[in-house]
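Presented below is the structure to which this report refers.
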Amino acid sequence: MSLGNKADDPFKLSDDGWPILDVWNKYEKIAMHFNDLIIKLRTQALAGVAALSTVVTLFAKSDAASSGVWGLAAFIFAGLCLAWIAIWIIDFSYYNRLLTGAVMSIVRLEERSKISSFVRHIDMSTSIEAAVANDHQRPKFKQYLKLNWGRWAFYIIVFDALAAGFIFCVMEQIKSGH
């Protein structure tokens, strides 16, 4: 049973394959979906860490600080450091690899477009699977570093701030003698 003629079903495989621009548009939407997921993960994680850090800092600096709340604040900052590391792991080992696999498929499709206006096979899920399994080829070290330094900087800066909060709270706890 046919899904209809070409006018009714623009994604029906013709004798030449699928129009490469149609496939590229679909791939691009998928890549943008993964990009949106990563941005949401990072911004929501940052907002959560910032809010908790602010609350802990305000609470610790209040009059209640004399009762030894600095130790509790240090414990919370240590927990936030661990949570930040967990978010970093999820981002680097899964979400970013989803995006990497999708982008790799788009790049291959764009290379293919130099010689053909049609494509006979699709490979995005294969590329994503390879990227998640870390079976894809990485660019040369210098290019890899250029592509990734921003992500590393994002996680390192926030982690350093949380670690500084932890150290400050430990030092205040020691000074207060509790």
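The values are calculated or read from the model by the stated rules, or taken from the named source; none is laboratory data. Predicted model only: the values in this text are computed from it and were never measured. We place every Cβ from the backbone using ideal geometry, glycine too, and count neighbours over all the protein chains shown.
Taking the criterion of being at pLDDT below 90, among the hydroxyl-bearing types (Ser, Thr, Tyr) and surrounded by 12 or more Cβ atoms within 10 Å (Cβ to Cβ), would at least one residue in region 109-125 satisfy it? The answer is yes, given that some residue of region 109-125 is at pLDDT below 90, among the hydroxyl-bearing types (Ser, Thr, Tyr) and surrounded by 12 or more Cβ atoms within 10 Å (Cβ to Cβ). Scanning region 66-87 for residues that are among the small types (Gly, Ala, Ser), at pLDDT below 95, surrounded by fewer than 18 Cβ atoms within 10 Å (Cβ to Cβ) and part of a helix (DSSP H, G or I) gives 66, 67, 71. Where residues in region 96-114 are in contact (Cβ under 8 Å) with a residue 40 or more places away in the chain and of a type in the set (Val, Ile, Thr), which of them is farthest from residue 134 (Cα to Cα)? Looking at residues that are in contact (Cβ under 8 Å) with a residue 40 or more places away in the chain and of a type in the set (Val, Ile, Thr), I get 106.
When residue 129 is tested against (1) of a type outside the set (A, V, I, L, M, F, W, C); (2) modelled with pLDDT under 90; (3) over 20 Å from the mean Cα position of the chain (by Cα), only condition (3) is not met.
Every condition in (1) modelled with pLDDT under 85; (2) assigned to a helix (DSSP H, G or I) holds for residue 135 except the one numbered (2).
Quick check, is residue 90 within 16 Å of the chain's Cα centre (by Cα), at pLDDT 90 or above and of a type in the set (A, V, I, L, M)? Spelling it out, residue 90 is indeed within 16 Å of the chain's Cα centre (by Cα), at pLDDT 90 or above and of a type in the set (A, V, I, L, M). Pairs linking a residue in region 38-51 that is in contact (Cβ under 8 Å) with a residue 40 or more places away in the chain and under 14 Å from residue 165 (Cβ atoms) to a residue that is among the aromatic types (Phe, Trp, Tyr) and loosely packed, with under 15 Cβ neighbours inside 10 Å, with Cβ atoms under 9 Å and 6 or more positions apart or on different chains, do not occur.
Conditions (1) under 27 Å from residue 88 (Cβ atoms); (2) modelled with pLDDT of 90 or more; (3) in contact with a Ser or Thr (Cβ under 9 Å, 6 or more places away or on another chain), marked per residue:
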| position | (1), (2), (3) |
| --- | --- |
| 1 | no, no, no |
| 5 | no, no, no |
| 9 | no, no, yes |
| 17 | no, no, yes |
| 20 | no, yes, yes |
| 25 | no, yes, no |
| 43 | yes, yes, no |
